[in-house]
Structure formats: structure tokens, C-alpha cells
Amino acid sequence: MSCGAIILAAGRGERMRPLTDACPKPLLPVHGKALMQWPIEALARAGVSDLMVNTAWLGEQISACFGEWFDPHTGVTQSDQTVAAGPVRMHYSDEGLDFGGALETAGGIVRVLPRMSDPFWVLAGDVFVPEFVFSPEAVVRFRAGAMLAHIWLVPNPPHHPAGDFGLTDGARVTNDGAARFTYSTIGLYRHPLFAPPYCAIAAGNPHGVKAPLAPILRSAVDQGLVSGELYTGPWVDVGTPERLARLNQPPES
């Protein structure tokens, strides 16, 4: 069965050391759950039943944590393939085992592309967006259009004041513009974005080419083939121990 989403979880988490020396960043606890569990539960609520996760650094911990099936209602893994409807079937792309390390964002996506639906969700496993809705209606709208990607942007956080992209009134993403926003890491993507002329990696990435997503995305932006929208709900790039500590602080009474 095709996967409806991929969570990118292969990074080393260098800026999070020493926390990530023994624990992959997507498994660091946020409000009592593994960071990556929050989007898994949100995807399950949206009806995504097959989910891909790419791993590398300490990836065996991620697959052990979520197993072959993950029940978002109980938070437990299940090995029985006859479980009732609702649990998410988990699939893993172990880049560490296959290639000795992470393939970066685009390299990892192309590696699993033959197993993904079209279109499919992409998101990072180290971003906390507890109120984001992976709307089935957004998928229907995107599928009916001609864009190669639809991405969600957020107001620029203090650590990234320059932003990444502009956004026109017509919801077209630009590489320039007076008002710029930060890429949330959440987007809907079509398979043709990961083929020439935008991407030169061979189908399925059999040679383990390492490549980032940003240049591919910017190429499609230049052609007017990326739409977007601004998301203003809670969003945290959990990139440093300090940000994680702030995130886990109890609310003020």
C-alpha cells in the first residue's frame, strides 16, 4: 500500500547534543510524548493509515518505539497485522543501514518515492506543531490543481529573521518579496517534482545520493509551480536544548 506521508527523521541533531548522543531527536520528550508522536497522531486523525519514516542516526530506536503498527489512541505498538481500523501502519527507510548515513531531505524522499502516494505529505520529525490539521480537503484541492508543491509558511522565529520565501496574495510562493516567511517543513508534494528538470537523482535513489530539498523546491518556485499559505498556530523548530527546555516548561498559573 502507498504511504500518504513521510516524516523526515534521519538527522544527527548536532545542535541538540548532548541530548541526541544517545537518543534520536524525534524521540526527545515534549509534554510527555516523543516529539515525533505529535504529528503521527495528527496524521492518523486526518485518515492517513500508512506512514513512511526515514531514519539514520539511532534509527533502530525510532522503529522500536513505533513498531509496525502504532495506535494513536493508546500510544502503544502492535505487531498483529489484524488490528482494528485506526492504527497507523509504519514503514521505515533505514538510510543508516543501507548507505551508512542520512541522505538529506531530497535524497531521502527520492529513496522512498516509489512507495509514496501522489500527492503525499512531507514534514520534519523535529518540529512541534500541535494544532496543525493535515486536512484531507487540502489534499483534494491540491490534487485538482497544477502545482508541484503546496507548502505551509510560518512567521519568522527569532533564530531565522530573514525567512525563506515570499507569498503573493494569490497564494503563490516566491523566492523574493518584501514580506518573507519561514518554511514550516510541512508540505504537499507531487512525484514529478523529484524528476528532471527539477531533480537529477535516479528514481529510487539506488546509489544513495545525498541532496537537500531546498534547491529543488526553489527551482519549481521560479517556474511558478509552488503554492502556499501562512500558518499562524503554535510552531516550534526544536533545534536546540534551550528551545526544548522552554517548550517543556509548565504553563504559568
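The values are calculated or read from the model by the stated rules, or taken from the named source; none is laboratory data. These figures come from a predicted structure and were not determined experimentally. Note: ideal-geometry Cβ built from the backbone for every residue, glycine included; neighbour counts use all protein chains shown.
Things worth noting here:
- Residue ID - surrounded by the most Cβ atoms within 10 Å (Cβ to Cβ), chosen from residues in the stretch 71-111 that are of a type in the set (A, V, I, L, M, F, W, C), at pLDDT 90 or above and over 17 Å from the mean Cα position of the chain (by Cα): Phe99
- Residues of the stretch 201-223 classified as part of a loop (DSSP other than H, G, I, E, B) and within 16 Å of Gly187 (Cα to Cα), total: 2
- Of all residue pairs spaced 6 or more apart or on separate chains, those with beta-carbon atoms under 6 Å, a first member in the stretch 189-200 that is within 14 Å of Ala211 (Cα to Cα) and part of a loop (DSSP other than H, G, I, E, B) and a second member that is at pLDDT 95 or above and of a type outside the set (A, V, I, L, M) are Tyr198/Ser219.
- Beta carbons closer than 6 Å, at least 6 apart along the sequence or on distinct chains, pair a first residue in the stretch 215-231 that is in contact (Cβ under 8 Å) with a residue 60 or more places away in the chain with a second that is surrounded by 13 or more Cβ atoms within 10 Å (Cβ to Cβ) and in a helix (DSSP H, G or I) for Ile216/Ala106; Ala220/Leu193; Val226/Ala220.
- Failed condition for Val140, given (1) in contact with a helix residue (DSSP H, G or I) (Cβ under 9 Å, 6 or more places away or on another chain); (2) over 30 Å from Leu244 (Cα atoms); (3) among the aliphatic types (A, V, I, L, M): (1)
- The requirement of being of a type in the set (A, V, I, L, M, F, W, C), over 20 Å from Met52 (Cα atoms) and assigned to a strand (DSSP E or B) is not satisfied by Val122.
- Unique residue being in contact (Cβ under 8 Å) with a residue 12 or more places away in the chain and either charged (D, E, K, R) or more than 26 Å from Val238 (Cα to Cα) (or both) when the list is Arg141, Arg172: Arg172
- Residue ID - farthest from the chain's Cα centre (by Cα), chosen from residues in the stretch 125-143 that are among the small types (Gly, Ala, Ser) and either part of a loop (DSSP other than H, G, I, E, B) or crowded, with 22+ Cβ neighbours inside 10 Å (or both): Ser135
- Within the stretch 173-188, the residues that satisfy the criterion of being assigned to a strand (DSSP E or B) and not polar (S, T, N, Q) are Val173, Arg180, Phe181, Tyr183, Ile186, Gly187, Leu188.
- Scoring Pro206 on the criteria (1) more than 14 Å from Ile109 (Cβ to Cβ); (2) in contact with an Asp or Glu (Cβ under 7 Å, 6 or more places away or on another chain) leaves a single failure, condition (2).
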